[in-house]
There are 2 protein chains.
Amino acid sequence: MTETLHAPPRQFDAAFRTLFRDLVLWRRDVRRFRRDAIDPALIHELLELASHAPSVGHCQPWRFVLVESSARREAVRSSFVRANAGALESYEGEQRTHYASLKLAGLDDAPVHLAVFADEAAAEGHGLGRRTMPETLHYSVVAAVQILWLAARAQGLGVGWISILEPAIVARALDVPESWTLIAYLCIGLPVEEHLDPELDRHRWQPRLDVERAIVRR
Amino acid sequence: MTETLHAPPRQFDAAFRTLFRDLVLWRRDVRRFRRDAIDPALIHELLELASHAPSVGHCQPWRFVLVESSARREAVRSSFVRANAGALESYEGEQRTHYASLKLAGLDDAPVHLAVFADEAAAEGHGLGRRTMPETLHYSVVAAVQILWLAARAQGLGVGWISILEPAIVARALDVPESWTLIAYLCIGLPVEEHLDPELDRHRWQPRLDVERAIVRR
């Protein structure tokens, strides 16, 4: 890689920026997957690119668990069912009907299950930048997930992030070190359908907000 | 936008994927900025694209604060100086010398300061997906930051994420609602220099790790 380190800075043109915007707009949280197997080399390529995410103190705390055993997938599924039932209880009437109809889990069909953890015990980075905002350790892992997500979409793959899970129970079911914290559980595979609008928008759960409402000046 | 909702799915080709990989690899955490002003329309474009990030329950909890007042910037700078002094105390000898030489703050030169918050009180999304993993509210904001970061780089801009800050003090200094939690403080501007290798790698603080070490199968 040494020769490229001294290459002139990479420029990106307007045509690329238009495509990148399309990539961001077409990235969806996919819940309905085709069961077709995905080439493991392609998944490896996504993980490699994700590992170029920014991380606090360059500590690279992401740990990727490819969940392949059907017994472990079943344990994750059970956790989802329990957490989902609890979530349903907290909604009433029409909201509850909406919620139940959103078919939140691609867990049963997605060929690839990827649990992404943060290693709280990672010595890399020597703690730099984490003293006053230790949560940046987790944020670094989220950055890696976001890069993986965009890279997957550029390959025609869909990603669904399942957060209706009991994180400690999932960590135990996957037999990972005690110092690993679950950040994201991702389903990956070919999407059954493609959309430009978020599913929760399409199903009238929550429309997009005008970004103007989120910008203030001080 | 209605007509595009029914457009055929967007495909991305190998040429785009190569450029996207370059974008990820050339995204750096920039600390040395030129003082040239940045067109506010360009910053707005970045924020708009960032607002297409995924968010839990589509709750879109990101709040962007453009920090323009010199008094408020000075308050942030003071927080950095205090937090940085505390951080220095926790390193010894050679590590400390390294640390001090890393020139962590672009705060003095970057023309744009952007504080990014999560609104804990956002009613949007109706709490969906946050019951067992409430931290996903914050993670949604991190996803927006990551998209903004890549989009900025595609425009030739550099972004530096400052985490050596006291988050509650910064929130107070910026006079934001009590329900807003500081997720990231970003310096944005034209970089003085461009690099393919992370600064902390180049300065031998922490080398890149082989992604193989971060992948396990279960």
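The values are calculated or read from the model by the stated rules, or taken from the named source; none is laboratory data. None of the values given here were measured: they were computed from a predicted structure. Every residue, glycine among them, receives a Cβ derived from its backbone with ideal geometry; neighbour counts consider all protein chains shown.
Observations on the model:
- Note on the range B:161-218: among residues that are hydroxyl-bearing (Ser, Thr, Tyr) and within 16 Å of the chain's Cα centre (by Cα), the one that is nearest to A:GLN60 (Cα to Cα) is B:SER163.
- Residue in the range B:181-203 that is crowded, with 20+ Cβ neighbours inside 10 Å and part of a helix (DSSP H, G or I) present: yes
- The set of residues in the range A:186-211 being touching a residue at least 40 places away in the same chain (Cβ under 8 Å) and either charged (D, E, K, R) or facing chain B (nearest Cβ under 9 Å) (or both) consists of A:PRO191, A:GLU193, A:GLU194, A:HIS195, A:LEU196, A:PRO198, A:GLU199, A:LEU200, A:ARG204, A:TRP205.
- Entry remark, the range A:109-132: residues being on the phi < 0 side of the Ramachandran plot, touching a residue at least 24 places away in the same chain (Cβ under 8 Å) and buried (at least 18 other Cβ atoms within 10 Å of the Cβ) number 13 in total.
- Candidate set: the range A:13-59, residues that are small (Gly, Ala, Ser) and facing chain B (nearest Cβ under 7 Å); chosen: the one nearest to B:GLY160 (Cα to Cα): A:GLY57
- Residue count for the range A:154-174, restricted to those that are free of Cβ contacts under 8 Å to residues at least 40 places away in the same chain, surrounded by fewer than 21 Cβ atoms within 10 Å (Cβ to Cβ) and part of a loop (DSSP other than H, G, I, E, B): 1
- The single condition among (1) under 20 Å from B:ASP119 (Cβ atoms); (2) in contact with an Asp or Glu (Cβ under 7 Å, 6 or more places away or on another chain) that A:VAL216 does not satisfy is (2).
- Any hit, the range B:52-71, residues being within 27 Å of B:ASP197 (Cβ to Cβ) and touching a Pro at 6+ places or on another chain (Cβ under 8 Å): no
- Residue match in the range B:83-94 (condition: part of a helix (DSSP H, G or I), under 30 Å from B:LEU190 (Cβ atoms), at the interface with another protein chain (Cβ under 9 Å from one of its Cβ atoms) and at pLDDT below 95): yes
- Scanning the range A:44-93 for residues that are of a type in the set (Val, Ile, Thr) and farther than 23 Å from A:GLU120 by Cα yields a single hit, A:VAL81.
- If you go through the range A:97-139 and keep only what is modelled with pLDDT of 95 or more and at the interface with chain B (Cβ under 9 Å from one of its Cβ atoms), you end up with A:ALA115, A:ASP119, A:GLU135, A:THR136, A:HIS138, A:TYR139.
- Pair list, Cβ < 8 Å and 6+ apart or interchain, from the range A:69-81 residues that are under 13 Å from B:ARG217 (Cα atoms) to residues that are modelled with pLDDT under 95 and of a type in the set (Val, Ile, Thr): none
- Hey, B:ALA121 of a type in the set (A, V, I, L, M) and within 14 Å of the chain's Cα centre (by Cα) or not: no
- Residue match in the range B:93-100 (condition: acidic (Asp, Glu) and farther than 24 Å from A:TRP26 by Cα): yes
- Residue within the range A:48-55 that is at pLDDT 95 or above and either acidic (Asp, Glu) or at positive phi (or both) present: yes
- Search result, residues across the range A:60-82 that are more than 7 Å from chain B (Cβ to nearest Cβ) and of a type outside the set (Asp, Glu): A:PRO61, A:SER70, A:ALA71, A:ARG73, A:ALA75, A:VAL76, A:ARG77, A:SER78, A:SER79, A:PHE80, A:VAL81, A:ARG82
- Check on B:PRO40, surrounded by fewer than 20 Cβ atoms within 10 Å (Cβ to Cβ) and either free of Cβ contacts under 8 Å to residues at least 24 places away in the same chain or not charged (D, E, K, R) (or both): yes
- Residues in the range B:204-218 that are closer than 19 Å to A:VAL176 by Cα and either in contact with a Leu (Cβ under 7 Å, 6 or more places away or on another chain) or part of a helix (DSSP H, G or I) (or both): B:VAL211, B:GLU212, B:ARG213, B:ALA214, B:ILE215, B:ARG217, B:ARG218.
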